[in-house]
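Undergrad: The structure is given below, and queries will be raised subsequently.
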Amino acid sequence: MIFQRDKEHRGGGASEGSASPLVRRLGRRLGQEPVDPPVASRARLPRFAVAATEELSDLAPPGGPPDLHRARLALAEALAPSQPVTSPERFAGRIETLESLIAAIEQARAHVVLYGERGIGKTSLIHVFAETAREARYLVFYGSCGVEASFDEMFRAFASRIPLLYHADISPTADEEEHQRSFADLIGDGALDPRELADLFGRIVGTRVILILDEYDRVQDVAFRRNVAELIKNLSDRAARVQLVLTGVAASLEELVGFTPSIRRNLVGLAVGPMDEEAMQDILDRAEAATGMRFAPEAKSLIARMAAGSPYLVRLLGSRAAAMALDAERLSVSPQDVTAGTEAVLSEWNAGLPRQVQRLLARGDVQRALPWLIAAARASGTPDGSFSAEDVAAELKGADPSAIDAALDGFTTQPALFERLDSHDGSARYRFRTQGLAQLLGLSAALARLENRD
């Protein structure tokens, strides 16, 4: 096995008894078979605390503290980890990025590309930007791209939402029939041409339009991407009052939109990176104001350290910790609540892995390799999740890249932890085969380090 020099940070021996306390803690947490909960009687089954009407009276236990039930209701809005932030009141951090985005649209009259890692908050940022633009009387339309996204369908849908009254040839005093029509009524039945669409959008007056294409990285149709680039160029050449905002998982502007010199001067690229600790704690501060709960300073710091710049993890861990406190009928969240909530998250993630992967994580050779697997998880924080042996060596500070490359390659055969990606220059890159495994390893390691420190 590799990395024998320093067992605490490079790996362990051949048995659990010779492994470091950190590795033993982490190993016991990973690869465990989920345990079915005991059967409960109907009277003791869990119940919803809040009705779908968001009223407490029907479901709140008689005589229960009303503040706890109101806090539980508010918590679902304040720290919902599975949904993007859509209201400015809940938006935290990213102020400079939002300012840059507004300036690019308002002052530079440019089209904008927002890019960054998955789960870093791009969709939340774009929703809050859209609300801010609507307040300024922009017409803002949102579209989420998929693998099979169609240029024709998406832009016909956008055109159908732009009232024809904003067309330069339509009088503001037009009859009632014109009030019911849209720009889509002026598009023929044939394939939508980006030049003709730009001509049509060039006739917009009396307002400005922003078209948002979220998750643009998921588009696989080369023609779709080519048509979007052509549309951007033609809209810019006509000084049309329509601007596009593209968002997606990418490490650079070129990675998301390709190398297209003809439109590069028409684009502003804005990178969305990890949040700093102040912004992460701001998320929790806003949750406190919304729920009436209080996170102990140590609890906030603990969440920020384990989230490692991810607003998604701040909301997930904060929500679980607050739920632990509410279940104990407390409005104060302690570090112990954070630890218990994180354990619950890890248990769910681990149980959600394929059984084959669970069994693989429990194998002795994988357990002994956990230190460098964790390093690989940290190195996988790229937009596409790929990394090289050199990236893992950098995380391990001095390890031999050739030994790491051999070890990584050894886990690409069935049952496989990684898939090998051969780059254009012939060098090998790797990626975790199972979605979410890198995040599971990283969060498990963060919690194990904290436990080992106590």
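Undergrad: Tell me yes or no: at least one residue of the stretch 342-355 is over 30 Å from P84 (Cβ atoms) and acidic (D, E).
TA: No, the stretch 342-355 contains no residue that is over 30 Å from P84 (Cβ atoms) and acidic (D, E).
Undergrad: Out of the residues in the stretch 270-286 meeting the condition of being out of contact with any helix residue (DSSP H, G or I) (no Cβ under 7 Å at 6 or more places or on another chain) and not in a loop (DSSP other than H, G, I, E, B), tell me which one is least open to solvent (accessible area, probe 1.4 Å).
TA: For the stretch 270-286, the residue satisfying everything is A279.
Undergrad: Next up: Within the stretch 238-256, how many residues turn out to be in contact (Cβ under 8 Å) with a residue 40 or more places away in the chain and in a helix (DSSP H, G or I)?
TA: 3
Undergrad: Just wondering, is there one or more residues in the stretch 222-232 that are in a loop (DSSP other than H, G, I, E, B) and modelled with pLDDT of 90 or more?
TA: Filtering the stretch 222-232 down to residues in a loop (DSSP other than H, G, I, E, B) leaves none.
No; the residues of the stretch 222-232 include none that is in a loop (DSSP other than H, G, I, E, B) and modelled with pLDDT of 90 or more.
Undergrad: If you don't mind, another one. Quick one: count up the residues across the stretch 370-420 that are within 26 Å of R355 (Cβ to Cβ), outside any helix (DSSP H, G or I) and among the aliphatic types (A, V, I, L, M).
TA: Looking only at that region, the number is 2.
Undergrad: Are there any pairs, at least 6 apart or on different chains, whose C-beta atoms fall under 6 Å, with the first in the stretch 192-212 and closer than 17 Å to L165 by Cβ and the second open to solvent by 10 Å² or more (accessible area, probe 1.4 Å) and among the hydroxyl-bearing types (S, T, Y), and if so, which?
TA: I204/Y166; G206/Y166; T207/Y166; R208/Y138
Undergrad: May I ask you to list the residues in the stretch 130-175 that are out of contact with any helix residue (DSSP H, G or I) (no Cβ under 9 Å at 6 or more places or on another chain) and under 16 Å from T247 (Cα atoms)?
TA: Answer for the stretch 130-175, where residues must be out of contact with any helix residue (DSSP H, G or I) (no Cβ under 9 Å at 6 or more places or on another chain) and under 16 Å from T247 (Cα atoms): just A130.
Undergrad: Also: Quick one: what pairs do we get from the stretch 123-144, first residue charged (D, E, K, R), second part of a strand (DSSP E or B) and open to solvent by less than 20 Å² (accessible area, probe 1.4 Å), C-beta under 9 Å, 6+ apart or different chains?
TA: Matching pairs, first to second residue: E131/V140; R134/V140.
Undergrad: Given (1) touching a strand residue (DSSP E or B) at 6+ places or on another chain (Cβ under 6 Å); (2) open to solvent by 60 Å² or more (accessible area, probe 1.4 Å), identify the lone condition not met by E348.
TA: E348 satisfies all of (1) touching a strand residue (DSSP E or B) at 6+ places or on another chain (Cβ under 6 Å); (2) open to solvent by 60 Å² or more (accessible area, probe 1.4 Å) except (1).
Undergrad: Now for a separate question. How many of the residues making up the stretch 364-376 are under 15 Å from F418 (Cβ atoms) and either open to solvent by 10 Å² or more (accessible area, probe 1.4 Å) or acidic (D, E) (or both)?
TA: 2
Undergrad: Every residue in the stretch 347-357 that is within 24 Å of S310 (Cβ to Cβ) and outside any loop (DSSP other than H, G, I, E, B), please.
TA: Within the stretch 347-357, S347, E348, W349, N350, A351, V357 qualify.
Undergrad: Among the residues of the stretch 432-446, is there at least one that is more than 27 Å from A250 (Cβ to Cβ) and either in a helix (DSSP H, G or I) or in contact with a His (Cβ under 6 Å, 6 or more places away or on another chain) (or both)?
TA: yes
Undergrad: Within the stretch 199-214, work out how many residues are of a type in the set (A, V, I, L, M) and in a loop (DSSP other than H, G, I, E, B). Before you say what the answer is, go through the steps one by one.
TA: The first filter runs over the stretch 199-214 and keeps only residues of a type in the set (A, V, I, L, M), leaving 200, 204-205, 209-213.
Still in the list and also in a loop (DSSP other than H, G, I, E, B): 205.
The total comes to 1.
Undergrad: Condition (residue is open to solvent by 30 Å² or more (accessible area, probe 1.4 Å) and in a helix (DSSP H, G or I)) applied to the stretch 291-300: is it met by at least one residue? Explain how you work it out, then say what you get.
TA: Filtering the stretch 291-300 for residues open to solvent by 30 Å² or more (accessible area, probe 1.4 Å) gives 292, 294, 297-298.
Subsequent filtering for residues that are in a helix (DSSP H, G or I) retains 297-298.
Yes, some residue in the stretch 291-300 is open to solvent by 30 Å² or more (accessible area, probe 1.4 Å) and in a helix (DSSP H, G or I).
Undergrad: Do you know which of the residues in the stretch 314-328 that are open to solvent by 10 Å² or more (accessible area, probe 1.4 Å) and part of a helix (DSSP H, G or I) is farthest from G116 (Cα to Cα)?
TA: D327
Undergrad: Quick test for you: out of A328, A304, A323, pick the one residue that is among the aliphatic types (A, V, I, L, M), out of contact with any strand residue (DSSP E or B) (no Cβ under 9 Å at 6 or more places or on another chain) and farther than 23 Å from S444 by Cβ.
TA: After applying the criteria, what remains is A328.
Undergrad: Being without any contact (Cβ under 8 Å) to a residue 24 or more places away in the chain, closer than 29 Å to L313 by Cα and not hydroxyl-bearing (S, T, Y): is that true of R420 here?
TA: On the way: without any contact (Cβ under 8 Å) to a residue 24 or more places away in the chain: yes; closer than 29 Å to L313 by Cα: yes; not hydroxyl-bearing (S, T, Y): yes.
Yes; evaluated as a whole, the condition is true for this residue.
Undergrad: If I ask for residues that are under 24 Å from the mean Cα position of the chain (by Cα) and either free of Cβ contacts under 8 Å to residues at least 60 places away in the same chain or open to solvent by 30 Å² or more (accessible area, probe 1.4 Å) (or both), which ones from the stretch 215-237 would you list?
TA: Once the filter is applied, which keeps residues that are under 24 Å from the mean Cα position of the chain (by Cα) and either free of Cβ contacts under 8 Å to residues at least 60 places away in the same chain or open to solvent by 30 Å² or more (accessible area, probe 1.4 Å) (or both), the stretch 215-237 yields E215, D217, R218, Q220, D221, R225.
Let's see how each residue does on (1) open to solvent by 20 Å² or more (accessible area, probe 1.4 Å); (2) over 26 Å from S301 (Cα atoms); (3) touching a residue at least 24 places away in the same chain (Cβ under 8 Å):
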| site | (1), (2), (3) |
| --- | --- |
| R330 | yes, no, no |
| V357 | no, yes, yes |
| E395 | yes, no, no |
| P401 | yes, yes, no |
| D405 | yes, yes, no |
| G410 | yes, yes, no |
| T413 | yes, yes, no |
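The values are calculated or read from the model by the stated rules, or taken from the named source; none is laboratory data. Quantities reported herein were computed from a predicted structural model and do not represent experimental measurements. Virtual Cβ from ideal backbone geometry, glycine too; neighbours counted across all protein chains shown. When the accessible area is computed, the model is the full protein with side chains, heavy atoms only, and any ligands, DNA or RNA have been set aside. Shrake-Rupley method; radii C 1.70, N 1.55, O 1.52, S 1.80 Å.
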